[in-house]
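The values are calculated or read from the model by the stated rules, or taken from the named source; none is laboratory data. Nothing here was measured: the structure is a model prediction, and the numbers come from that model. FYI the Cβ positions are ideal-geometry reconstructions off the backbone, even for glycines, and counts take in every protein chain you see.
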Amino acid sequence: MDPAADCGRGCAHHGALSTRENDQECRRQRARDRCQGQATAVSAPPLPTTHIAEIAPSAADEPWLVRSLWPASAVGLIGVPPKCAKTWLALDLALSVASNTPCLGTLTVESPGPVLIYLAEDSLQSARARVDGISRHRGLDLRRADLHLITSPSLRLDQEFDKQRLAATVAAIRPRLLLLDPFVRLHRSDENDSGAISAILADLRTLQRTFDVAVLLVHHSRKNGRGPQGYALRGSGDLYAWGDAYAYLSRRDSSFKLSLEHRSRPAIDPLALRLVSRSDGSATHLEIDGDKCQSPAASLESLA
């Protein structure tokens with residue numbers, strides 16, 4: 001077939017072109033024709049747009065959920081090796097937001113409100129006992145905390161029906177914080193499959209934007225990770241690319257080290273934490289161990 005006739009162009013246009021150039025031009029023209037045909041066939045309305053100058057600038061001091069620890073409406077992870085008090089930290093943060101009491105006894109809650117939790121590895125009684133211990137330490141009546149626990153025996157973020165139920169629950173409670181612990185129990189995808197993991201994370205980002213809710217996943221890191229701690233998170237690199245905020249816990253003798261990383265603001269120096277109880281074993285909670293805090297010169301890259 002004559003290439004010029006095939007693309008609908010006159011021979012005068014193609015006469016000066018080589019056969020190879022002629023074929024390339026024909027293919028480009030056919031691609032343009034297909035795009036025009038697809039655009040004509042699409043009946044959906046165009047995506048909303050706005051001129052960038054019409055967008056209100058960010059406040060000089062953007063709001064925090066908990067000052068210095070977690071930005072308001074941020075998505076991210078607590079990344080920890082096994083047995084490093086991950087759920088204790090997550091529940092301390094959750095109870096603080098739900099009760100408007102300082103996190104870890106020190107960090108101010110700036111955006112208090114309802115909190116929605118799903119704990120895949122704890123029974124309902126175990127979850128109650130943990131939160132009750134933190135509440136007793138604070139002298140807090142647990143009934144005053146706006147804390148809600150999803151009681152379903154399973155929750156799958158890779159199943160459409162469960163995603164719809166989670167969205168409906170968030171819509172009903174309108175939490176300031178959604179806590180999901182741990183990520184590995186919330187799906188059956190291959191953690192290293194970037195396509196599957198990014199799809200789950202994209203759905204959580206949509207949930208965050210739709211309901212203006214902070215989303216906190218608890219996730220495991222490799223025991224012997226090297227380099228910046230975000231790269232030590234187990235599974236797909238999308239887990240590190242996705243978040244606005246990250247909290248990393250690691251064990252140091254009888255204490256834990258908490259390191260923070262934020263996408264758009266500087267992080268405070270690492271904190272040393274201890275898991276402590278009363279003499280009778282009650283009121284278990286994390287507290288900041290001021291004697292073991294890292295020096296101001298410590299950087300996230302040096303903590304791996």
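Below is a table of values for the structure above.
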{"read-out": "Test: residue in the stretch 89-101 that is surrounded by fewer than 14 Cβ atoms within 10 Å (Cβ to Cβ), out of contact with any Gly (no Cβ under 6 Å at 6 or more places or on another chain) and at pLDDT 65 or above", "value": "no"}
{"read-out": "Flag if Ser198 is surrounded by fewer than 19 Cβ atoms within 10 Å (Cβ to Cβ), assigned to a loop (DSSP other than H, G, I, E, B) and touching a Phe, Trp or Tyr at 6+ places or on another chain (Cβ under 9 Å)", "value": "no"}
{"read-out": "Which listed residue is touching a Leu at 6+ places or on another chain (Cβ under 9 Å), surrounded by fewer than 17 Cβ atoms within 10 Å (Cβ to Cβ) and in contact (Cβ under 8 Å) with a residue 12 or more places away in the chain, from Leu260, Leu275, Leu286", "value": "Leu275"}
{"read-out": "Long-range neighbours under 6 Å by Cβ, at least six apart or interchain, first residue touching a residue at least 12 places away in the same chain (Cβ under 8 Å) within the stretch 47-66, second in a loop (DSSP other than H, G, I, E, B)", "value": "Pro63/Ala72; Pro63/Glu110; Pro63/Ser111; Trp64/Ala72; Trp64/Glu110; Leu65/Ala72; Leu65/Ser111"}
{"read-out": "Condition check for Ile134: part of a helix (DSSP H, G or I), assigned by TED's automatic domain parsing to the domain that holds Leu271 and among the β-branched types (Val, Ile, Thr)", "value": "yes"}
{"read-out": "Residues located in the stretch 57-73, provided they are part of a loop (DSSP other than H, G, I, E, B) and crowded, with 22+ Cβ neighbours inside 10 Å", "value": "Leu69"}
{"read-out": "Residue check for Phe161: out of contact with any Cys (no Cβ under 7 Å at 6 or more places or on another chain) and within 29 Å of Gly105 (Cβ to Cβ)", "value": "no"}
{"read-out": "Residues within the stretch 119-144 that are surrounded by 13 or more Cβ atoms within 10 Å (Cβ to Cβ) and among the small types (Gly, Ala, Ser), tallied", "value": "5"}
{"read-out": "One residue from Thr151, Thr169 being of a type in the set (Ser, Thr, Tyr), surrounded by fewer than 20 Cβ atoms within 10 Å (Cβ to Cβ) and assigned to a helix (DSSP H, G or I)", "value": "Thr169"}
{"read-out": "Residue within the stretch 161-172 that is touching a strand residue (DSSP E or B) at 6+ places or on another chain (Cβ under 8 Å), among the charged types (D, E, K, R) and over 30 Å from Glu62 (Cβ atoms) present", "value": "no"}
{"read-out": "Qualifying residue in the stretch 166-184 (condition: charged (D, E, K, R) and either more than 26 Å from Asp132 (Cβ to Cβ) or not assigned by TED's automatic domain parsing to the domain that holds Ala85 (or both))", "value": "no"}
{"read-out": "Criterion violated by Ala267 - all others in (1) closer than 20 Å to Thr87 by Cα; (2) in contact with a strand residue (DSSP E or B) (Cβ under 6 Å, 6 or more places away or on another chain) satisfied", "value": "(1)"}
{"read-out": "Test: residue in the stretch 79-92 that is in contact (Cβ under 8 Å) with a residue 24 or more places away in the chain and within 18 Å of Arg144 (Cβ to Cβ)", "value": "yes"}
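One line per residue, one yes/no per condition, for (1) in contact with a helix residue (DSSP H, G or I) (Cβ under 7 Å, 6 or more places away or on another chain); (2) touching a residue at least 12 places away in the same chain (Cβ under 8 Å):
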{"position": "His148", "(1), (2)": "yes, yes"}
{"position": "Thr151", "(1), (2)": "yes, yes"}
{"position": "Glu160", "(1), (2)": "no, no"}
{"position": "Arg176", "(1), (2)": "yes, yes"}
{"position": "Leu180", "(1), (2)": "yes, yes"}
{"position": "Leu186", "(1), (2)": "no, yes"}
{"position": "Ser189", "(1), (2)": "yes, yes"}
{"position": "Asp212", "(1), (2)": "no, yes"}
{"position": "Arg222", "(1), (2)": "yes, yes"}
